[in-house]
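Okay, so here's the structure we're looking at.
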Amino acid sequence: MTLAARYRRFAALRRWLLAALAAALCATLALDLATGPSGMPLADVAAGLLRPAALPLEQRIILWEVRLPYAVMALLVGASLGLAGAEMQTALNNPLASPFTLGLSAAAAVGASAAVVGGFTLMAFGENLAVPLSAFAGAAAATLLIQLLAWRYGATVDTVVLFGIALLFSFEALLWLMQFIADSNALQQIVFWSMGSLARATWNKIGLVACVLLLCALWSARSAWLLTALRAGEDQARSFGIAVERLRLVTLLRVSLLAATALSFVGTIGFVGLVGPHMARLLLGEDHRYYLPGSALAGALMLSGASILSKTLVPGVVLPIGIITALVGVPLFMALVLARRRDA
Amino acid sequence: MLSFLLHARRWLSGALLALAATAQAQPAAVTVTDLAGRTVRVPAQVDRVLLGEGRLLPALAVFDKDDPVRRVVAMMGEFEQLDAPGYAQWARRFPQVDKVPRVGRGSSGSFSDEQAIALRPQVAILGLAGGHGPSERDREILARLEAAGVAVVFIDFRHDPLVNTPRSMQLLGEVLGKRAEAEAFVQFWRAQLALVTQRLAQARPEAPTVFLENRVGLSEGCCDTMVGLVGKLLDAAGARNVAQGLIPGEAGTLNPEFLIARQPRYYIGTGIGALATAHKTPLRVVLGADATPEAAQASLARAVQRRGIAQLEAVREGRAYAMWHHFYNSPFNVVAVQAFAKWLHPELFAGLDPRATLQTMYERFQPIALEGTYWTALRP
Amino acid sequence: MSAGLELRGLGAGYPRRPVLEGLDLEPIMPGALVALVGPNAVGKSTLLKAIAGLRPVRGQVLLDGTDLATLGPRERLRRVGYLPQALPQASSLVAYEALLSALRASRGDWSGAQREAAIARVFATLGLEALALRPLNELSGGQRQMIGLAQVLARAPRLLLLDEPTSALDLRWQLQVLQAVRALVREGQALALVAVHDLNLALRFCDHIVVLGQGQPHNRLLAAGRPAEVLTPALLRSAYGVRARIEHCSQGHPLVLADEAISLTDDTP
């Protein structure tokens, strides 16, 4: 077989794996819709999706206003975090990079806490958007700081990662300050925000997250080849005419937008942005035409699975989803690391 | 002419009666304004209620003395967590309360709206932002409940107890169709409060300084305090809370040095200990449904030996007391006001008997007997 | 219009430390494989990067009569191919994908078929077909270096600038690479400027040699010309600070035999 034909078969396998991931995602979505403390039978779920009027009012509300928004939000947030994590790991050439590493989550938490402590209200589309907007502003501030510092002092990998870690610690300290001055109600809200929760999902918010995800997915698709070239080496990429520093800054900007949007609506959810890309890398390699969508799918799969677990682990109780992703994410990550070491 | 008029009157009143009868045959929904300022339409016949806090059961029992659990289809699970002996007393008398499905545990974040909706309550009775159940800030949850046809009604005993307790009981009376029971309670409650406030207004004694310690023994050291919650009950008894103006919000922590410098005249701590678990939490003050007066006093004596507290003049000179913490979220909070008044102004309120007040309230308004000890003093 | 590579008054270096200044190089004709030699830190990499346009440069770099500085980045990439000293990274990218991304970035005008053909050709030339679908993190350093070279050779640029392309390669592959580059350069009438440490390789394969040497206030061109003429013991002493002999092997090829490093205070000839 000619080399070109061998490669085409190789690439076709990648596409099949992507399709398999998508199929798995459909399965977890269906399972997510079918699980819940009210014990709705699967047949009713299916009927309710196709013809909402067929169900009694409570079941209809449970399906369309509780389970479906939770499940769809889990999908969208997981995909956003997976995509963001993949781009970050490439841009920073660091397999441990994630939206946490640049201090984005901590900054978002500070923003959210400020809104909770201050008791701000901002009504739009019939929702109180004060907390998500503040969270987003926090994450955006962190991004802006990094971009400024990088522009002024150079956007090498080391500099950006170090800035990010410095920001992470600074924002953590600010968060503790917020918690200190909060009264007990606000404190509880802040703590729960930090654990991540899908309970605040509404169709309007889902629309927003979906828009941002779509926008960033299309935007990142345009840079897919440049990012792939970066994986063979920074010097190599530069020699092909790629403006590496600019690529890095633009990618980080996109990552911030994705992660900030996702985090501001569901709170802090960790490990998806770290583990999703690793899963995708194991299955699909690092050609970013497959790796980026694969990461998004892997992230969505992780969070969808976590949503199911959060409802079924302890009967009658819905655990905060950030706890599940941490508990499951850590052993998963260890397994991935060990699998790679055994191969190499 | 006269006979015609007489007949007409009889015909008219008959017609009116008939109209009234038909009106009652189709009960109209009631529109109420709740403590969050929301206007809510409540069905006239309410048989299925969700309690946003399990501790609202005693308030509900004022209206359903024979079986307070009969209307409850769902409740939050913080009652048994936070006040185990109190809950045990209710469960002994009404074992079916154990079988009521719980839609969450001790915090507002654990509330499962899906389960709540599946249990099809007509009315959800929630408390204003307390942290132990869903609140008016959880807009998405409220929207879902309302979309499922649940009427969400907010009451409040904690944020503004003196104003909101009677309002809340009246609101419950309207919602449950038991206005007479509500009025009876509110009248008694107001009268008991007036015994304190009126005499204070007349005599205008100087307000002694008080350090109110919040949930003694919960955190390791010192000095958690409140200006809201129980602090508001304290204010009504003519006290000056040393933390006034220093704490943003309802509760916070004071610097122990400040206390020693300020030397408040009285020390009052709130008790969250239970006799059954006293050995596990030795620093808490034992008060509540299973507390004996001896155990309560002994635990207070132990609690005030902590560094920072033991050095206070108030403690050394025996002006130290403890109050049951859960009066902050109870319609029987007026009893706490009376007890405070008696400690702070003993000559003025020599004739006041808060224990007798509580006893009467239980006899008149509760289906269970008064058991346990709810306050204590270092030197009785 | 003159063909070949010519440097006029070239200066390059860092903002506070010019490494090279006033470098003039006579035109080197197409079809030539040029060795760039000199001691460590003399500026070989800097010179190559400067010609490639990756470092700011003073003076003129003329390729076939055109000053490279006047070309846009796309045009420049079409004509010039630079291989960095650093090896390609050991990522999960497979070799074929590494080449695809290189071509997509540097020759965006090519069609899929053109890319396929170019990749097939360069893999065949370098004998790398077996590595094509293996991820870079499974390859040895030498194999990755070959892939890096393939990335540059695939687009067959007019001027190749290779920075120590044989540093990680074993004996056979060193020969193979230089043979392949020389063949490419001769067939396509292209030019290659290759920085090497091994002077005997330079003698064996290169038609032309450029020797850089240290100096104050900046480094300079010591000599340029045919290797057999340029490499003398005197030059080697002043360039490298070694005492060396040039002797001919049994086949008649000249070889550099280094005897000892000269201490800086030693004056004996």
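If you model region A:116-165 as an ellipsoid using its alpha carbon gyration tensor, with each semi-axis the square root of five times an eigenvalue, the axes come out at 32, 10, 8 Å, biggest first. Approximating the spin labels as points 7 Å out from Cα along Cα→Cβ, the C:ILE246-to-B:GLN45 distance works out to 11.6 nm. Structure remark: mean-square fluctuation, Gaussian network model of chain A, C-alpha springs under 10 Å; the largest value among A:VAL272, A:VAL110, A:VAL160 belongs to A:VAL160.
Tell me, C:SER167, A:SER310, C:SER263 in order of fewest to most beta-carbon neighbours within 10 Å?
Details: C:SER167 16, A:SER310 26, C:SER263 8.
The most exposed by this proxy come first: C:SER263, C:SER167, A:SER310.
Can you tell me, using C-alpha contacts under 8 Å and at least 6 residues apart, the relative contact order of chain A as a whole percent? Once divided by the residue count of chain A, the mean separation gives 30 percent. Scaled against 2.2 N^0.38 Å for its residue count N, the alpha carbon radius of gyration of region A:160-318 is 1.22. Computed over region B:29-186, the Cα gyration tensor eigenvalues convert (square root of 5λ each) into semi-axes of 20, 19, 16 Å, ordered from largest to smallest. The H on the amide N of B:VAL30, modeled in the peptide plane, is under 5 Å from the matching H of B:VAL42, B:ALA44, each at least 5 residues off or on a different chain.
Each label was represented as a point 7 Å from its Cα along the Cα-to-Cβ direction; for B:ARG302 and C:ALA117 these points are 9.2 nm apart.
For region A:110-223, just say rounded, prolate or oblate: build the C-alpha gyration tensor, square-root its eigenvalues into a ≥ b ≥ c, call rounded for a/c under 1.5, and beyond that prolate if a/b exceeds b/c, oblate if not. List each step's numbers first, then the result.
On the way: a/c = 2.45, a/b = 1.20, b/c = 2.05.
In terms of gyration-tensor shape, oblate.
Amide hydrogen proximity for C:ALA32: with H placed 1.01 Å from N in the peptide plane, the residues at 5 or more positions away or on another chain lying under 5 Å are C:ALA192.
In order along region A:109-116, phi translates into HN-Hα couplings of 5, 4, x, 4, 4, 4, 5, 5 Hz, rounded to whole numbers, per the Karplus curve 6.51 cos²θ - 1.76 cosθ + 1.60 with θ = phi - 60° and x for Gly and Pro. Spacing of the modelled spin labels on C:ARG16 and B:THR281, each 7 Å from Cα toward Cβ, amounts to 6.5 nm. Only alpha carbons enter this Debye calculation for region A:1-130, each as an equal point scatterer, and the log10 of I(q)/I(0) it gives at q = 0.11, 0.14, 0.15, 0.20 Å⁻¹ is -0.71, -0.97, -1.02, -1.14. If I take every Cα pair under 8 Å that is 6 or more residues apart in region B:205-377, average their sequence separation and divide by the length, what percent do I get for the relative contact order? It rounds to 25 percent for region B:205-377. The coefficient of translational diffusion for chain A, derived via Stokes-Einstein from the alpha carbon Kirkwood radius under 37 °C and 0.692 mPa s, stands at 157 µm²/s.
P(r) for region B:136-239, from all Cα pairs and a bin width of 5 Å, is 2, 10, 13, 14, 16, 14, 12, 10, 5, 2, 1 %, short bins first. Charges only on Cβ, +1 for Lys and Arg, -1 for Asp and Glu: so what's the dipole of chain C about the Cα centre, in debye to the nearest 20? Value, rounded to 20: 720 debye.
Taking N as the residue count of region C:61-170, its C-alpha radius of gyration divided by 2.2 N^0.38 Å amounts to 1.08.
Over the C-alpha atoms of region C:5-231, the Rg to Rh ratio, Rh being the Kirkwood estimate, stands at 0.96. Taking the Cα centre of region B:29-186 as reference, the dipole from Cβ charges on Lys and Arg (+1) and Asp and Glu (-1) amounts to some 220 debye. Cys residues of the protein assembly as shown that find no other Cys beta carbon under 4.7 Å: A:CYS26, A:CYS211, A:CYS216, C:CYS206, C:CYS249. Entry note: chain B has Rg to Rh equal to 1.05, where both radii use alpha-carbon atoms and Rh is the Kirkwood radius.
Exposure proxy for C:ARG58, C:ARG144: other Cβ atoms within 10 Å of each Cβ, ordered fewest to most, give C:ARG58, C:ARG144. Relative contact order, whole percent, for chain C stands at 23, derived from Cα pairs under 8 Å and 6 or more residues apart. The ranking of C:HIS208, A:HIS288, B:HIS279, C:HIS218 from fewest to most other beta carbons within 10 Å of each one's beta carbon is B:HIS279, C:HIS218, C:HIS208, A:HIS288.
First obtain the Kirkwood hydrodynamic radius of the protein assembly as shown from its Cα pairs, then insert it into the Stokes-Einstein equation at 10 °C and 1.306 mPa s, and state the resulting D in µm² per second as a whole number. In µm²/s, the coefficient rounds to 46.
Backbone geometry of region C:235-252 corresponds, through the Karplus equation with coefficients 6.51, -1.76 and 1.60 at θ = phi - 60°, to 3J(HN,Hα) couplings of 5, 5, 5, 6, 7, 9, x, 10, 9, 9, 10, 10, 10, 9, 7, 5, 8, x Hz, x marking Gly and Pro.
Coupling constants for region A:216-230 follow from the phi torsions by the Karplus curve (6.51 cos²θ - 1.76 cosθ + 1.60, θ = phi - 60°), and in residue order they are 5, 5, 5, 4, 6, 4, 5, 9, 4, 5, 5, 5, 4, 4, 4 Hz; glycine and proline get x. The amide H of C:VAL19, built 1.01 Å from its N in the peptide plane, has C:ALA12, C:GLY13, C:TYR14 as neighbours under 5 Å, considering only residues 5 or more places off or on other chains.
Between the helical axis of B:354-365 and the longest alpha-carbon principal axis of chain B there is an angle of about 20 degrees. What's the angle, to the nearest 10 degrees (0 to 90), between helix B:161-176's Cα axis and the longest principal axis of chain B? Taking the Cα atoms of chain B, the angle to B:161-176 is about 30 degrees. Using the alpha-carbon atoms, what tilt in degrees (0 to 90, nearest 10) does helix B:293-303 show relative to the longest principal axis of chain B? Result, in degrees: 50. The calculated FRET efficiency for the pair B:ALA207 and B:THR292, based on their C-beta separation and a Förster distance of 41 Å, comes to about 0.80. Work out the P(r) tail for region B:205-377: percent of alpha carbon pairs separated by more than 25 Å, whole number. That fraction is 27 percent. Beyond 15 Å, what share of the Cα-Cα pairs of region C:144-211 is found? Please give it as a whole percent. Every Cα pair in region C:144-211 considered, those over 15 Å come to 48 percent.
Computed from the coordinates by the stated procedures, all read-outs in this text should not be read as laboratory data. This structure is a prediction, so every number in the text was calculated from the model and none was measured. Cβ coordinates were reconstructed from backbone atoms using ideal geometry, including for glycine residues, and neighbour counts include every protein chain displayed.
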